[in-house]
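S.K.: There's a structure below that I have some questions on.
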Amino acid sequence: MKKQKLEINYRSCRLEELDSDEQELVRAAMQATVNSYAKYSHFNVGAAIRLADGKIVIGANQENAAFPSGLCAERTAIFAAQAQYPDQAILQLAIAARNPNGFLSSPITPCGACRQVMMEMEDRYGISLKIFLYGSEELYIIDSVKDMLPFSFIDKNMQG
Ligand code: THU
């Protein structure tokens, strides 16, 4: 039996160290937390997407009394972008989250289902999706969903 090792890569910095257009995207995700409907968790998540033509599309988590009917911020943003601008590749995604004490100090990391949907975007548009995970003390930059979802499942996995 051979022991194997997988490595993932990410960088960390503060918001002010990003390029101005990247800062704009992260700030749009922070602002989008205001549109969150988080009646049950009181955890307000915002997402902002940069399309190939430069447009920003936002999303925010939407909860429901029937819990599984709600949706995360990342997927509301991705599906909104896809429904309105299917010809525009999704190049970047920023996420920010607040609890009742304010923005999280550590980066918010997306759930598995959102990672799967993000991976589909890389496959659909043939790009690497750059991800910004906001924390007030530290922000993570991840250059591809492959670094968030090792051993992912995409279309080609069905072809053997
Ligand atoms: N949530 C998101 O919107 N994105 C994440 O990355 C993690 C979790 C939402 C789902 C639910 O409305 C609330 O946060 C608590 O799980």
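No lab work stands behind these numbers, since they all come straight from the coordinates. Note that the structure is predicted; figures quoted are calculated from it, not measured. With ideal geometry, Cβ positions are generated from the backbone for all residues, glycine too; neighbour counts draw on all protein chains shown.
S.K.: Taking only pairs six or more apart or across chains, which ones have beta-carbon atoms under 6 Å, a first residue in the stretch 96-107 that is more than 14 Å from residue 26 (Cα to Cα), and a second residue that is surrounded by fewer than 14 Cβ atoms within 10 Å (Cβ to Cβ)?
M.R.: 100/42; 105/137
S.K.: Looking at the stretch 47-71, which of its residues are β-branched (Val, Ile, Thr) and within 15 Å of the ligand (Cβ to nearest atom)?
M.R.: Within the stretch 47-71, the subset β-branched (Val, Ile, Thr) is 49, 56-58.
Once the filter is applied, which keeps residues that are β-branched (Val, Ile, Thr) and within 15 Å of the ligand (Cβ to nearest atom), the stretch 47-71 yields 49, 58.
S.K.: List every residue pair whose Cβ atoms sit under 8 Å apart, with the two residues 6 or more apart in sequence or on different chains, where the first one lies in the stretch 19-46 and is surrounded by fewer than 13 Cβ atoms within 10 Å (Cβ to Cβ) and the second, anywhere, is part of a helix (DSSP H, G or I).
M.R.: Qualifying pairs under 8 Å: 40/67.
S.K.: Okay, next question. Which residues, taken from the stretch 81-125, are more than 16 Å from the ligand (Cβ to nearest atom), over 17 Å from residue 148 (Cα atoms) and of a type outside the set (S, T, N, Q)?
M.R.: Residues satisfying the conditions are 83, 85, 86, 87, 89, 124, 125.
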